[in-house]
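Reviewing the structure listed below.
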Amino acid sequence: MRVLRRGDAGEDVAEIRSMLGSLGLLRTEGEQDGRTLFDHNVERAVRGFQQRRGLITDGVVGPATYQVLRGATFHLGSRPLAYLFSSPVHGDDVFALQDRLTELGYDAGRPDGLFGAKTEQALRNFQRDYGLTVDGICGPATVRALRQLSPRARGGRPVFLREQEQVRQAGPRLRGKRIVIDPGHGGVDHGIVVSGVREAGLAWDLARRLEGRMKATGMEALISRGPDQGPSEAERATFANDASADLFLSLHCDRNQSPHAQGVATFHFGNGYGTTSTVGELLAGFIQRELAARTGLLDCRTHAKTWEILRLTRCPAVRIEIGYLTNANDRAWLSDPAFRDVVAEGILVAVKRLYLLGEGDQPTGTFTFADVLAHELAKAE
C-alpha cells in the first residue's frame, strides 16, 4: 500500500476514513465531497489511534499503522482464525482469542494479536479437551464454546509471570546467558544522517563494544546483522527467536525537527491495554536509569510500544534510543568513542541488575564493569 498522509485523496483514503469511523474515532455521518480526502480531522484521528495502540504518533498511515488499524476492526467471531505460516493473521480478534485461552488456563503465548504456532497449539488443546473438532481453526463452534465457559481464573498476567520466573530460575550469574544485540539499520539504510554522522555506523560500533564486554563475562552475545546488512524488523526478531535468546537489545539513535530535542529513551512491549512484558519493562527501567545517570543525557523515560521488533520477539526485548543526532550536544557525545564505552558499560550493568533481582546490588550509576567481572568470578568460586 502507498503511505497516506494529510492532503492525499482516493479510495484508499476512503477505506481509512471508514475504519476510523467504525472505531468511533472519526465522524462520517453526512459526508459527501470530503469522504475521500485525508484532511486535518483524519490526521487527528490517526494520531489518536496510534497513541492508543503504541505506534509512532506521526499521523501518517504506513504499513504498520494500516495493519493495526485494519486488525482493530475485527472482533472474535467475525472471521475464522487459523495459523497461516506464509501470511500470519493479525487483529484484535486474535488478541481476544489469546486472552480468552489464557484465562481458561491454556498457554497461548504472548497476547500480541498475532496468530502463531503457540496460539494454534493452545487452541487445539482447548478443542481436544472440550470435545470439539481438533483442527486448530477458531470457527463458530469454537467461539460459542469459548463464550459459554467460565474461566478458571481472571486477572493477572500468567504469560509474563512465566517471564519473571524464568529470570529468577536463571540465577544471578551472566555466564551462559544468550543475548542478541541488534544494531539498528545497516546496509544501504544508514538511518539518521546528520553532518556526516550515521546512525547505522554508531549502532554497529556500540554493538561491538557491548558484545566484547558481554563475552568477557561469559555471556553468549550474538549480533543480529553484519556491518553491511540491513534486515527487516521481522527478520531481526526471527533471528532472536531461532537463537532462543534470553534477551534482545536493539540500539538506535533518534531525530526530531527541533534541534533542541535531546536525551535517551527506552521502549518495551506493551499494547496500552494493560498487556506489558514485565521483564522487558523492568530491563528498560534499569537501562534508562543507568544511562541517564552515567551519560548526562536527558532522561526521556521508558515507554510501552507495539513495534514489530518488540512484538514479534518472543524473549523480553528493549529498544534503546540513545541521543538525538539532530541535537548538536548529543551528536558530539555519540561521536566520542569514550562516550560509547560509557553507554556499553551502562547497558551491561543494567542486564546484570536484572539477573541480580536486587541481591547485592549497588546504587544506580556506581556499578562498574570491574564490579560485574568480580561478581562473576566470586560466583564461579
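General remarks:
- Computed over protein heavy atoms with a 1.4 angstrom probe, the accessible surface ordering of 86, 258, largest first, is 86, 258.
- Cα gyration tensor shape for segment 213-370, rounded if a/c is under 1.5, else prolate or oblate: rounded
- Normalising the average separation of contacting C-alpha pairs (under 8 angstrom, six or more residues apart) by the number of residues puts the relative contact order of the chain at 14 percent.
- Ranking of 179, 137 by solvent-accessible surface, largest first: 137, 179 (1.4 Å probe, protein heavy atoms only, all chains present).
- Sparse-neighbour loop sites [chymotrypsin sites (Phe, Trp or Tyr not before Pro); segment 252-299; at most 15 other C-beta within 10 Å; DSSP]: 273
- For the listed residue pairs 118/352; 305/352; 215/305, the alpha carbons are over 26 angstrom apart in 118/352; 215/305.
- Solvent-accessible surface ranking, highest first, for 333, 307, 204 at 1.4 angstrom: 333, 204, 307
- Calculated [222 nm] ellipticity per residue, helices only, for the chain: -14000 deg cm²/dmol; basis is -39500 (n - 2.57) per DSSP H run with n ≥ 4, divided by all residues, nearest 500.
- Per-residue SASA entry for residue 324, accessible area with 1.4 Å probe, Å² rounded to 10: 40 Å²
- Considering only the chain, percent of DSSP beta bridges that pair antiparallel, nearest 5: 40 percent
- Accessible surface computed residue by residue for the chain, with neighbouring protein chains in place and a 1.4 Å probe, gives 46 Å² per residue.
- Overall form of the chain per C-alpha gyration tensor (a/c, 1.5; a/b vs b/c): oblate
- Backbone N under 20 Å from the residue 27 label point (7 Å along Cα→Cβ), restricted to segment 48-65: 48-49
- The share of accessible area on segment 278-324 that comes from carbon and sulfur is 48 percent, using a 1.4 angstrom probe.
- Short-range pairs are left out: with C-alpha atoms under 8 Å and at least six residues apart, the relative contact order of segment 199-321 is 33 percent.
- Using the average count of surrounding beta-carbon atoms within 10 Å as a protection proxy, the listed peptides 241-252, 182-193 rank, highest first, as 241-252, 182-193.
- With the charge dipole of the chain set up from +1 on Lys and Arg Cβ and -1 on Asp and Glu Cβ about the Cα centre, the Cα lying farthest toward the positive end among the listed residues 249, 145, 322 is that of 145.
The values are calculated or read from the model by the stated rules, or taken from the named source; none is laboratory data. Note that this is a predicted model, so its numbers are computed, not measured. In this analysis, Cβ positions are derived from the backbone assuming ideal geometry, glycine residues included, and neighbour counts consider all displayed protein chains. Accessible surface areas use protein heavy atoms only, side chains included; no ligands, DNA or RNA. Shrake-Rupley method; radii C 1.70, N 1.55, O 1.52, S 1.80 Å.
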